[in-house]
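Beneath this line is the structure, given in structure tokens, with notes to follow.
The values are calculated or read from the model by the stated rules, or taken from the named source; none is laboratory data. Quick caveat: nothing in here was measured; it's all calculated off a predicted structure. Positions of Cβ are backbone-derived with ideal geometry, glycine not excepted, and every protein chain shown enters the neighbour counts. Accessible surface areas use protein heavy atoms only, side chains included; no ligands, DNA or RNA. Shrake-Rupley method; radii C 1.70, N 1.55, O 1.52, S 1.80 Å.
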Amino acid sequence: MSIAEAHIATASDARDVLMGREPDIFADIELPGVAAVIWNRSCDVGFQRWIDGMPPQNLPELRTVVPFHLAEAAGIAACEQVGIPSGRERDMLTGDIGALALLVAKTLKTRQVGIRLDVSDEVMCPKFHVDNVPARLLCTYRGTGTQYVPEGWEADPERIGQVARGAVALFRGGAWPGAERTGLLHRSPAPDIGAGPRLLLVIDPIG
């Protein structure tokens, strides 16, 4: 930590971001000082081409609370509601929603999850912030990934990090249990001009 940063952080701040190539990186969210973990996984080229080519009116939207084992079924229902036919890529999307809901449930020891598929061509959360939840999973399937920065450094572009598209990030929220305060902020990025709406998966532990 630099001298300049020392006056901003306190001993009870969690500000670190850990990255890994495997989903077991999620277990590190429990470590002291860790505010976020990012699973930098490889993206399927065929899936990315499919989701990028989806007409905006066919992008699935979802907002529900379900037991984690019903997350995939909720994703299927959202796809069927907008007329997405069954197939390899749809199965990849809905299967991923189910797998990530299970990952949240195991990591945060919960049975219920809140799931959102947000479709937007505007900046949904333009200001850096901490969510008022214990933790939140974010995965951008289409568009630009979420940005993050240590609190107090929002005005410094060099300190702003960005979650890669298709990568999976788990951020501690303001209701994270324990004495550590979450000192890492995040926000939605500016939209890509001409790229169409962004598709973001959000999963929260419930209860």
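SER86 to ASP16: FRET efficiency via 1/(1 + (r/R0)^6), r the Cβ-Cβ distance, R0 35 Å, to the nearest 0.05?
The pair SER86/ASP16 has a calculated efficiency of 0.25.
Give me the dipole magnitude in Debye, nearest 20, for the chain about the Cα centre, with unit charges on the beta carbon: positive for Lys and Arg, negative for Asp and Glu.
About 300 debye.
Relative contact order of the stretch 11-95: what whole-number percent is it, with Cα pairs under 8 angstrom and at least 6 residues apart?
RCO, the stretch 11-95: 21 percent.
Under a point-charge model restricted to the Cβ atoms of Lys and Arg (+1) and Asp and Glu (-1), what is the dipole moment magnitude of the stretch 91-163 relative to its Cα centre, in debye to the nearest 20?
460 debye
If R₀ is 35 angstrom, what is the calculated FRET efficiency for the pair ALA73 and GLU30, using the beta carbon separation as r and rounding to 0.05?
Efficiency, from the Cβ-Cβ distance: 0.75.
In whole percent, how big is the carbon plus sulfur part of the accessible area of the stretch 117-207, probe 1.4 Å, protein atoms only?
Carbon-and-sulfur percentage of accessible area, whole number: 53.
Against the longest principal axis of the chain, how steep is helix 88-108, in degrees 0 to 90 to the nearest 10, with axes from Cα atoms?
Rounded to the nearest ten degrees, it is 30.
Need one number for the stretch 112-207: average projected area of the convex hull over its C-alpha atoms, nm².
That works out to 6.4 nm², a quarter of the Cα hull's surface.
Per residue, how much accessible area does the chain show when a 1.4 Å probe rolls over the protein heavy atoms, in square angstrom?
48 Å²
Compute the convex hull volume of the Cα atoms of the stretch 78-166, divide it by the residue count, and report the result per residue in Å³ as a whole number.
Value for the stretch 78-166: 133 Å³ per residue.
Add -39500 (n - 2.57) for each DSSP H run of 4 or more in the chain, then divide by its residues: what number comes out at 222 nm, to the nearest 500 deg cm²/dmol?
About -6500 deg cm²/dmol.
Given the options ILE203, PHE171, ILE29, identify the residue whose Cα lies farthest towards the positive end of the charge dipole of the chain (+1 on Cβ of Lys, Arg; -1 on Cβ of Asp, Glu).
Among ILE203, PHE171, ILE29, the one farthest towards the positive end of the dipole of the chain is ILE203.
The chain: percent of C-alpha pairs farther apart than 24 Å?
Here the long-distance tail beyond 24 Å is 40 percent of all Cα pairs in the chain.
Take every Cα pair under 8 Å in the chain that's 6+ residues apart, average their separations, divide by the length, and report that relative contact order as a whole percent.
27 percent
Report the gain in length on full extension from GLN162 to ARG116: 0.36 nm times residue separation, minus Cα-Cα distance, nm rounded to one decimal.
So the extension gain works out to 14.5 nm.
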